[in-house]
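The values are calculated or read from the model by the stated rules, or taken from the named source; none is laboratory data. In this text the structure is predicted, and so the values were computed from the model without any measurement. Here the Cβ positions follow ideal geometry from the backbone for every residue, glycine too, while neighbour counts run over all protein chains shown. Accessible surface is based on the protein model in full, side chains and every heavy atom, while ligands, DNA and RNA are left aside. Shrake-Rupley method; radii C 1.70, N 1.55, O 1.52, S 1.80 Å.
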Amino acid sequence: MDAQVVSDRGVGKLVLRRLGFAVPVLLLVSFALFVLAKASPFDPVERYFGVRIIGASPERVAQIRANWGVDQPVVEQYLAWLRHAVAFDFGDSLSFQQPVSQVIGDRLGWSVLLVAIGFTLALLLGLLLGTAAAWLQGSWLDRLITATSYTLEAAPVFWLGLAALYVFALHLRWLPGGGLTDADAPVSFGQVATHLVLPVSVLAISQAPWFVLFVRQNLLESFTQDHVVGARSRGLPDHLVVSGHALRTSLLPFLTLLGARLPELITGALLVETVFSWPGIARATVDAALNVDFALLGALTVLATAVVLLGNLLADVLYALADPRVVLDG
Amino acid sequence: MADLAWRRAPRSRLAAAAPRSPRWRLIPSAVVLGVLAAAVLVVPLVVDLDQQYVDLAAANRPPSARHPFGTDELGRDVMLRCVYALRVSMTVGLVAALISSVLGTALGALAGAVGGWVDRLLMRLVDAVASVPHLLLGIVIVAVLRPSLTAVVISIGLTHWLSSARIVRSEVLSLRGRPFIDAAIVGGSSRTRVLVRHLLPNVAPQVLLATTLAVPHAVWHETALSFLGLGLPPHAASIGNMINDAQRSLLTGGWWMSLAPGLVLIAATLAVSGVGGVWRDRLNPKRRTELTW
């Protein structure tokens, strides 16, 4: 049996195993959210009536309860929710007076755009600066990069966002400070691109330090490994040793970390979107939380969890493709 | 590129990973931590100044000799408010980190000591919770409990116990096979006694370390929640609330109101994780990593 067949079958198994983990997790998370929502003292029916509940007849209140199904046991309500959720129907959002799927659908694209570009930039920055720092280990550049990374890692991302907003949008007036387009301007490529620069940069800069430090650390460790020492002793030029030998092995764990980093990325995007009033899902999340809109908040949380699980799955598959030993061992 | 690190000490393969002296991290971190602790603990006791003192005549002043960090839109001194904000944020961070450590230690010890399906179940739970972005889970918990100090502390406690649970479990698992545990069992100790008298005391240093390293995370979490308006009540000066308030002033040019709390937070975070990092390297030199400095 040749290696390719083994690895393909192994990857298939890996995907199955991962899915076997992901589905129960999603069920568990959604059920826990459901129970949390039910346990909160907040009553959607009372909210629907507002002050008028004082004058409303008990029959009418009971009628609404029955219509909404909130008089059923929690498990039955959950199963009903689940049946609809499988078809991407997450109910209606109380705060937006729209179906949840529409609220999310309108905003998700912009969030994905921001996150995808920001993440790619952060990765590139991490690779470049991390390699540079390791290459020039101990030099002033290394110290500068490392110190900046630690500082940025400690700085709250929304504070970085405000700083960027002040300097580039308010003080220098180079770039627009928020929103998707200028007021009243139609959505066009140029408009979105200029409005994207600041949020994307802040997201990338807040995410990059961790990658920088990781790449640097792993490269330094790999400098002492046998195959790197061996390559050097065969007389290969240093830049080839780093790019062809040291980087290759030290980037393997990087793949899994991309998956592990997703929750932080989503958190960062949430805060960056808030600072720059980006029309993504962050505003919807905060509104949903402030207005106790559990239908929307729950759907968003389940969605984010699904994204994280999917990212982990993808990272594992990439890892297995890059290093077939993983599948054979595991 | 003649001066690659490995060139400098060609005879020793260890040279490439030679660590810098911990003093470089320890001394500045300890000094900053000491200054901040003195400010946070002593200033409110000694100085007879009211952080809520409103002086509209002195509103929106940039940094000056009288107000080193300037004043906010109500004329309150930003530096004094920073001290009180750090006090609030640090208290929240410490309490929340303690709660999450206790929770994590209990679950981790249970998983490691009992083993079997309990262990598998608990570790699946850890993986499941780890899949939900922290801040989002925190927001949900705050939404259920309505924004308040207690809600914030609970929300941080319930989202940050994972790392201590993992650490305690792996420590307990590695300790379980040691001869002194066998000796205790042979000596007639009950399961509880082995756990409480022999396993937990040996895990304690690691737990304390994990708690210390969790404090900056907890502070960060509180700050983020407060910034989103889902944290502490608006009148309480916390770092997040200050930055949130300062957003409006930023549009009219008041950069100092958000600059100061951010810098204070960065200094505090770096100092805590600096001291924690040196401590960790002493405790487990093999697991040395520079990801937290």
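What to note about this one:
- Meets criteria (closer than 22 Å to A:Thr120 by Cα, modelled with pLDDT of 85 or more and either in a helix (DSSP H, G or I) or of a type in the set (D, E, K, R) (or both)) for A:Val302: no
- Contacts under 6 angstrom Cβ, first residue in segment B:14-40 being over 26 Å from A:Ala134 (Cβ atoms), partner open to solvent by 60 Å² or more (accessible area, probe 1.4 Å) and at pLDDT 65 or above, 6 or more apart: B:Val40/B:Arg87
- Residue under evaluation A:Thr274, criteria (1) polar (S, T, N, Q); (2) under 21 Å from A:Val25 (Cβ atoms); (3) open to solvent by less than 40 Å² (accessible area, probe 1.4 Å); (4) in contact (Cβ under 8 Å) with a residue 40 or more places away in the chain, criterion not met: (2)
- Number of residues in segment A:234-268 that are more than 12 Å from every other protein chain (Cβ to nearest Cβ), aliphatic (A, V, I, L, M) and closer than 20 Å to A:Arg325 by Cα equals 5.
- A single entry from A:Val272, A:Val286, A:Val317 fulfils the requirement of being facing chain B (nearest Cβ under 10 Å) and among the hydrophobic types (A, V, I, L, M, F, W, C): A:Val286.
- The set of residues from segment A:93-103 being touching a residue at least 40 places away in the same chain (Cβ under 8 Å) and touching a strand residue (DSSP E or B) at 6+ places or on another chain (Cβ under 9 Å) comprises A:Ser93, A:Val100, A:Val103.
- Which numbered condition B:Ile266 fails, given (1) within 13 Å of the chain's Cα centre (by Cα); (2) touching a residue at least 12 places away in the same chain (Cβ under 8 Å): (2)
- Members of segment B:217-258 that are in contact (Cβ under 8 Å) with a residue 24 or more places away in the chain, in a helix (DSSP H, G or I), at the interface with chain A (Cβ under 7 Å from one of its Cβ atoms) and open to solvent by 10 Å² or more (accessible area, probe 1.4 Å): B:Trp220
- Note on segment A:163-198: among residues that are over 21 Å from the mean Cα position of the chain (by Cα) and modelled with pLDDT of 80 or more, the one that is surrounded by the most Cβ atoms within 10 Å (Cβ to Cβ) is A:Leu165.
- Residue, farthest from the other protein chains (Cβ to nearest Cβ), within segment B:117-142, restricted to residues that are farther than 19 Å from B:Leu232 by Cα and open to solvent by 50 Å² or more (accessible area, probe 1.4 Å): B:Trp117
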